[in-house]
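The values are calculated or read from the model by the stated rules, or taken from the named source; none is laboratory data. A quick note: this is a predicted structure, and the numbers were derived from the prediction, not measured. Glycine gets a Cβ as well: all are built from the backbone with ideal geometry, and neighbour counts include every protein chain shown. Areas reflect the complete protein model, heavy atoms only, side chains present, ligands, DNA and RNA absent. Shrake-Rupley method; radii C 1.70, N 1.55, O 1.52, S 1.80 Å.
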Amino acid sequence: MPWWLEQPEGQTLKILFWSRDLLFSGGPIQGLVASSVLFGFLGLLGLIVFGIQLRATLVRPAVGWFWVGMAVLTLALTRSATVWVALVAVMLALGLALWARRLRADRRAPLYLTAGAMIAVAVALAIFARDALFGLLGKSSDMTGRAETWEKVWELVQQHPVVGWGWVSYWPTWVAPFEGLDTKAGLPVPSAHNAWLDVWFQLGIIGILVFAPLVVLTLWRVWFRAVDQPRRGPGPALPYATSALWPWLVIVALLVQSITESRILIESGWLLLVILAVKTRYDFELPALDTEPTKRPWRQVPIPRTDRG
């Protein structure tokens, strides 16, 4: 049990436990963060970062592959359906970025048409074949009660559609209108399980008009940083850098998760979004291969000496 909760008498709801001792029985495990969804997303971030480090030769192969393996093991043991969907989206995003690097900037129309078609197919499957799709992920068609939560939140959105109910981040479930709004497994729900609906609920259309440009412009900038050759000044373009891909992959993961979780608005999700938004807006020193030196053994590093004539 978490240290701030007393062990209740009788049968205890599984969701109350910080850890459910499922490591050696296939999961889903919760880790130190006490949530299989959050822990699984950390595994996905780890897979992105460790994979980039390994490919860019920023770490020794043995070290890199070890941590890639740990990230994959975390994904497998957390068994989070939303994270698996985000992983598929990240893999497709990586494929699109690598394809774009092979094309000139004025010849990327087929790529953009392909990306649009994939998004359209994903939306169509989620709407018209959600029973089969979510069944493959081990989820019900209402995504474990999320549809019911969205309906209840939407009813409140319609009461204050322009300015919302006020920003509170995590819902204070002991005050109106959050009190008794929705419960799952006997516990109050602390978010809308959809970042965009949560912003509309709390900040209204005004909030959407602020949040959406922030996300879209950040997505736009990290995309072109990932697929365009970096330049420093009017000279020729510099070689591509593997490290330029990680912001693109991370924001894709955040956006896909924002459909079924509100994590992009709080804690680590919000921090990552702000870092990407600010860094890509003001940092004009684009990464290149000279920022990714191969790690050399310490015995091969020369020791500077000064002549004392």
Open item on the list: For the range 111-132: of the residues being at pLDDT below 85 and open to solvent by less than 60 Å² (accessible area, probe 1.4 Å), which is farthest from Leu94 (Cα to Cα)?
Closed with: Ala129
- [ ] Considering each residue of the range 163-182, count those that are more than 24 Å from the chain's Cα centre (by Cα) and open to solvent by less than 80 Å² (accessible area, probe 1.4 Å), and give that number.
- [x] 10
TODO: For Leu58, work out the one condition from (1) of a type outside the set (D, E, K, R); (2) at pLDDT 95 or above; (3) closer than 18 Å to Val250 by Cβ it doesn't fulfil.
DONE: (2)
Open item on the list: Need the failing condition index for Leu209 against (1) under 15 Å from Ser262 (Cβ atoms); (2) open to solvent by 60 Å² or more (accessible area, probe 1.4 Å); (3) free of Cβ contacts under 8 Å to residues at least 40 places away in the same chain, just the number.
Closed with: (1)
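Just for the range 212-230: of the residues that are open to solvent by less than 10 Å² (accessible area, probe 1.4 Å) and assigned to a helix (DSSP H, G or I), which one is farthest from Arg281 (Cα to Cα)? Before the answer, list the steps.
Restricting attention to the range 212-230, the residues satisfying the condition of being open to solvent by less than 10 Å² (accessible area, probe 1.4 Å) are 215, 218, 222, 226-227, 230.
After this cut, where a residue has to be assigned to a helix (DSSP H, G or I) as well, the list is 215, 218, 222, 226-227.
Numbers: Val215: 12, Thr218: 8, Val222: 10, Ala226: 14, Val227: 17 Å.
Top of the filtered list is Val227.
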Open item on the list: Just to be sure I understand the filter: pairs with C-beta atoms under 6 Å, separated by 6 or more residues or on different chains, first member in the range 155-181 and closer than 19 Å to Leu265 by Cβ and of a type in the set (Lys, Arg), second member at pLDDT below 85 and open to solvent by less than 50 Å² (accessible area, probe 1.4 Å). Which pairs pass?
Closed with: none
TODO: Restricting attention to the range 167-202, report how many residues are assigned to a loop (DSSP other than H, G, I, E, B), under 13 Å from Thr149 (Cβ atoms), out of contact with any strand residue (DSSP E or B) (no Cβ under 7 Å at 6 or more places or on another chain) and hydrophobic (A, V, I, L, M, F, W, C).
DONE: 5
TODO: Output the qualifying pairs, or none if there are none: Cβ atoms under 7 angstrom, residues six or more apart or on different chains, first residue in the range 84-108 and of a type in the set (Lys, Arg), second residue crowded, with 16+ Cβ neighbours inside 10 Å.
DONE: Arg101/Val227; Arg101/Tyr240; Arg108/Ala100
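Filter the range 264-305 down to residues that are in a loop (DSSP other than H, G, I, E, B) and surrounded by 14 or more Cβ atoms within 10 Å (Cβ to Cβ) and give me whichever is modelled with the lowest pLDDT. Lay out the reasoning, then the answer.
Applying the first criterion (in a loop (DSSP other than H, G, I, E, B)) to the range 264-305 yields 266, 283-288, 292-297, 301-305.
Then keep just the ones that are surrounded by 14 or more Cβ atoms within 10 Å (Cβ to Cβ); that gives 266, 286-288, 292.
On the way: Ile266: 90, Leu286: 52, Pro287: 52, Ala288: 49, Glu292: 57.
If we take residues in the range 264-305 being in a loop (DSSP other than H, G, I, E, B) and surrounded by 14 or more Cβ atoms within 10 Å (Cβ to Cβ), then Ala288 is modelled with the lowest pLDDT.
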TODO: Evaluate the range 231-241: report whether one residue or more is open to solvent by less than 50 Å² (accessible area, probe 1.4 Å) and modelled with pLDDT of 80 or more.
DONE: yes
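Against the condition under 15 Å from the mean Cα position of the chain (by Cα) and over 18 Å from Ile259 (Cα atoms), how does Gly43 come out, does it pass? Reasoning before the result, please.
On the way: under 15 Å from the mean Cα position of the chain (by Cα): yes; over 18 Å from Ile259 (Cα atoms): yes.
Considered against the rule, which asks whether it is under 15 Å from the mean Cα position of the chain (by Cα) and over 18 Å from Ile259 (Cα atoms), Gly43 comes out as yes.
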Task: Subset tally (residues that are in a helix (DSSP H, G or I) and either of a type in the set (A, V, I, L, M) or buried (at least 22 other Cβ atoms within 10 Å of the Cβ) (or both)) for the range 242-263 - done: 14
